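Step one of this worksheet: look at the structure below.
None of the figures in this text is laboratory data; all of them are computed from the coordinates on show. On a predicted model such as this, the values are computed, not experimentally measured, just so you know. So basically every Cβ, Gly included, is an ideal-geometry build from the backbone, and we count neighbours across all protein chains shown.
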Amino acid sequence: MNKPKNLCRVCNSIIQNIFDFGEMPIANNLMLMDNETYIKNEYKYNMKIGVCINCSSLQIINVPKKELMFNDRYAYFASESKFMKNHFTKLGSKLMKLMNKEKDYILEIGCNDGIFLKSFADNNYKHVGIDASENVVEAAKNDKINAICKFFDEKTSLEILHSYGKAKFVVITNTMHHIENCQSVAKGIETLLDEDGILVIEDPYLLDMYKIGSIEQVYAEHNFIWSLHSYKTLFEKYSIKLFDVEHFDTHGGSMRYFFSKKNLKETNIMQKYINLELNNKIFDINTFIKFQKNCKKICKELYNFVVSKSKEGKIIAGYGATAKSATTLNYSNIDQNLISCIYDSTPFKIDKFTPGSHIQIRDAKLLSKDNPDYTILFAWNHKNEIIEKEKKSKTIWVEYIPELKLTYEN
Ligand code: TYD
Ligand code: ZN
């Protein structure tokens, strides 16, 4: 019997496998302790990445159960970055100006610790935040945000409709790419979005990932990397049309997408990116094979660097216990034998251990005291904010995306 083919979750075409990572942990599953029992019980899955050349969607083929990724131990608190806080506050100010305070409400899917909805709560705008991880929802509630702990899908959309009616805005930032059942989310939005409402989505952008070779954007949680073409394919099925986009440098290159149920004229900037995707051959498998080779080269370069410096007796640390780095570390076999610790400012992460690689996380305040010989910037997407914050440190920073580079030698 032929092996069943894997089908695209967006358009149901056959997916082509481009990357086999082998056994990988859940990227945000930090370990409490680095002992045998914990290591033995650590959940691993065989991570495979595929691409659909019919709709240009890049996706994890075998996504672990969602409860394994989103739960009361979710380690990502979005408000840790002041820059991102400011980024989303700006979006909030724009949307608040378009809202009727009496009538309208805004729904955020994946509200995390309330990084975006905070300004709506502070200014008494009607809002609802929904997120599947209890601990981040608790943080949002403590900040006076109207947050519910649930997975968003068709069924939840009916409950929200019943309680709040149709939404003027539905906003999903850095979350849509987490959701395996994207059809159910799109259907839920069709139910909830007002006829003249706007859907705003923002997440890491396929062409940027391709350009800088950041395969580590993919891990159990970042289950999709979207493009204009793949989002259009998904939402058009539910009569929701993409009409505008805005590009940002955040998280290594992100796209903000604007959709409406109305037939709004597509903007020039949207046309520009549609053409850019076509010119970059996102419907050609060779594009993704080239990308895969580049990513492997990046991982190899980092591994060789770490091994050679370690042999010289140098202390090598990391900065930013990012979920992304779980892909690179585990794929490259870089673990606690090679890296002394990873500095991070998130209280929830400090003193825990990275998944799979079991590297201890230390309070970021200690970097300028410890001054390791080299510090790998795992949170490369927050480079300016971190380098500025840590300018007292004597360490040599190591970047590895898009290529290995030593900077800020003191
Ligand atoms: P991020 O790259 O935003 O996400 P992901 O985990 O999805 O890959 O994670 C950034 C990490 O870096 C997060 O754990 C917080 C930490 N961080 C600091 O320790 N100091 C800082 O100044 C900033 C901006 C982030
Ligand atoms: Zn597809």
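Just to check, using Stokes-Einstein with a Kirkwood Rh over alpha carbon pairs, what's the diffusion coefficient of the chain at 20 °C and 1.002 mPa s in µm²/s?
Result for D is 97 µm²/s.
Output wanted: per-residue J couplings in Hz (rounded whole) for region 395-405, from phi through Karplus 6.51 cos²θ - 1.76 cosθ + 1.60, θ = phi - 60°, x for Gly and Pro.
With coefficients 6.51, -1.76 and 1.60, one gets 6, 9, 7, 10, 9, 10, 10, x, 7, 5, 8 Hz.
Which loop GluC sites (Glu not before Pro) in region 102-189, with loop taken from DSSP, have no more than 16 other Cβ atoms within 10 angstrom of their Cβ?
Passing sites in region 102-189 are Glu102.
How much length is gained on full extension from Asn384 to Thr37, taking 0.36 nm per residue of separation minus their Cα-Cα distance?
Between Asn384 and Thr37, full extension yields 121.0 nm more.
Among the listed pairs Lys103/Lys168; Lys103/Lys237; Lys168/Lys262, which are separated by more than 18 Å between their Cα atoms?
Beyond 18 Å between Cα atoms: Lys103/Lys237.
Going down the list Lys187/Lys383; Lys85/Lys150; Lys94/Lys392, which pairs span over 28 Å between their C-alpha atoms?
Checking Cα-Cα distances, Lys187/Lys383; Lys94/Lys392 exceed 28 Å.
Return the Rg/Rh ratio of region 286-407 with Cα-based radii and a Kirkwood Rh.
0.96
Stretch Gln336-Asn263 to full length: gain in nm at 0.36 nm per residue minus the Cα-Cα span?
20.9 nm
Tell me the label-point distance for the pair His247, Lys65, using the 7 Å Cα-to-Cβ offset, in nm and rounded to one decimal.
Reported label-point gap for His247 and Lys65 is 4.1 nm.
Given H placed 1.01 Å from N in the peptide plane, which residues other than close sequence neighbours of Tyr205 have an amide H under 5 Å from its amide H?
Those lying under 5 Å, H to H, from Tyr205 are Ser254, Met255.
Can you list the residues of region 194-213 with backbone N under 15 Å from a point 7 Å past the Cα of Asn100, pointing along Cα to Cβ?
194-198
Give me, ordered by chain and number, the residues 5 or more places off Ala147 or on other chains with an amide H under 5 Å from its own placed amide H.
Amide H neighbours of Ala147, under 5 Å, 5+ apart: Gly129.
In which sequence would Phe259, Phe235 go, from the one with the fewest C-beta neighbours within 10 Å to the one with the most?
If I rank by nearby Cβ atoms, fewest first, I get Phe235, Phe259.
So what's the gap between the Cα centers of region 91-138 and region 11-89, to the nearest angstrom?
25 Å
Which Cys residues of the chain have no other Cys beta carbon under 4.7 Å away?
Result for the chain is Cys111, Cys149, Cys182, Cys295, Cys299, Cys341, no neighbouring Cys Cβ within the cutoff.
Kirkwood-based Rg over Rh for region 210-314 (C-alpha set), two decimals?
Using Cα coordinates only, the ratio equals 1.11.
So what is the 222 nm mean residue ellipticity for the chain from helices alone, if each DSSP H run of at least 4 adds -39500 (n - 2.57) and you divide by all residues, rounding to the nearest 500 deg cm²/dmol?
When only DSSP H runs of four or more count, the value is -9500 deg cm²/dmol.
Taking only the alpha-carbon positions of region 1-40 and ignoring solvent, what does the Debye formula give for the base-10 log of I(q)/I(0) at q = 0.15 Å⁻¹?
Those come out to -0.65, one per q.
Reachable lysines from Lys293, Cα under 21 Å, same-chain residues fewer than 8 places away excluded?
Cα-Cα hits under 21 Å: Lys48, Lys211, Lys281, Lys324, Lys405.
For region 78-277, what class follows from the C-alpha gyration tensor (a ≥ b ≥ c being the square roots of its eigenvalues): rounded when a/c is under 1.5, otherwise prolate if a/b is larger than b/c, else oblate?
Verdict is rounded for region 78-277.
Taking the Cα centre of each part, how many Å lie between region 143-197 and region 304-357?
Cα centroid of region 143-197 versus Cα centroid of region 304-357: 36 Å apart.
Across bins of 10 angstrom width beginning at 0, how are the C-alpha pair distances of region 41-193 distributed, in whole percent?
Per 10 Å bin, starting at 0, the Cα pair percentages come out as 10, 37, 35, 15, 3, 0.
Would you please state which residues of region 17-40 a label at Asp143 would reach in this model, taking the label point 7 Å out along Cα→Cβ and a backbone N cut-off of under 13 Å?
Counting only backbone N, you get no residues.
Considering the convex hull of the alpha carbon atoms of region 1-102, report its projected area averaged over all viewing directions, in nm², one decimal.
Its average projected convex-hull area is 12.0 nm².
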